[in-house]
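Notes follow once the structure below has been shown.
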Amino acid sequence: MTQSDPSGVSDLSALLQSMHPALIGRPFVFASIPRQALAGLAFIPMGTFCESEGVTVIATQTQARNAGWPAGDAWGCITLMVHSSLHAVGFLAAITSALAREGISVNPVSGYYHDHLFVPWEDRMRAMAVLTALGKQPPKAG
C-alpha cells in the first residue's frame, strides 16, 4: 500500500519510516463538559469524544482558559504526518512502547488521516527525539 492509497498506509515498517512526527507549538488540555455545552462552544476543539459522563474536549490551553474551564495538565501534541490506515496493525503499539521505555506517558488519538500523540508538555521534546530515532531504525527482518 502506498502513501497515495486513499485508505492509508498499513505496512508497519513503511509507517514507522515515514511517520514524520510534527510537534504543534502550543499546549493542549483535556476537559470534560456536559453534552449540551458542546453546541455553545465559541471555538472548534482539536477533538471531542462522547462518554457517558460527558464530552471529552481537547482544546488549546488558551481556548480552555477563555472558556473558563479549570486549568488541567498541559499536553504537547505530536502529529504523525503519514496517512496511516485505520486497519494498520501494531503502529501505535510500537510507538507507545518506545515512549513507555523512556518513561513518557502518551494519549494517542487517531483521526481519519493521521495519528496524534498527546504527551506531557514537559516531555514533548524527548518524545520527538524518541519518535525520530524510531523512524530511523532499519526494518526488522521477518
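The values are calculated or read from the model by the stated rules, or taken from the named source; none is laboratory data. The structure displayed is predicted, hence computed values, not measured ones. Every residue, glycine among them, receives a Cβ derived from its backbone with ideal geometry; neighbour counts consider all protein chains shown.
Points worth noting:
- Residue ID - nearest to residue 25 (Cα to Cα), chosen from residues in the range 103-136 that are in contact with a strand residue (DSSP E or B) (Cβ under 6 Å, 6 or more places away or on another chain) and among the β-branched types (Val, Ile, Thr): 119
- Selected residue [within 30 Å of residue 13 (Cβ to Cβ) and of a type in the set (Gly, Ala, Ser)] from 42, 98, 67, 59: 98
- Total residues in the range 61-106, condition hydroxyl-bearing (Ser, Thr, Tyr) and not in a helix (DSSP H, G or I): 4
- Matching residues in the range 14-53 - criterion: being surrounded by fewer than 13 Cβ atoms within 10 Å (Cβ to Cβ), within 29 Å of residue 136 (Cα to Cα) and among the hydroxyl-bearing types (Ser, Thr, Tyr): none
- Filter result for residue 92 (touching a helix residue (DSSP H, G or I) at 6+ places or on another chain (Cβ under 6 Å), within 23 Å of residue 129 (Cβ to Cβ) and of a type outside the set (D, E, K, R)): no
- Among the residues of the range 70-93, those identified as closer than 15 Å to residue 20 by Cβ and either aliphatic (A, V, I, L, M) or touching a Phe, Trp or Tyr at 6+ places or on another chain (Cβ under 7 Å) (or both) are 77, 78, 80, 81, 82, 83, 84.
- Selection of first residues in the range 1-19 that are under 19 Å from residue 79 (Cβ atoms) and assigned to a helix (DSSP H, G or I) and of second residues that are at pLDDT below 90 and of a type outside the set (A, V, I, L, M, F, W, C), restricted to Cβ pairs under 6 Å at least 6 apart or on distinct chains, gives the following pairs, ordered by first then second residue: 16/135; 17/135.
- Cβ pairs under 9 Å, 6+ apart, first in the range 102-116 and of a type outside the set (Phe, Trp, Tyr), second in a strand (DSSP E or B) and surrounded by fewer than 13 Cβ atoms within 10 Å (Cβ to Cβ): 109/49
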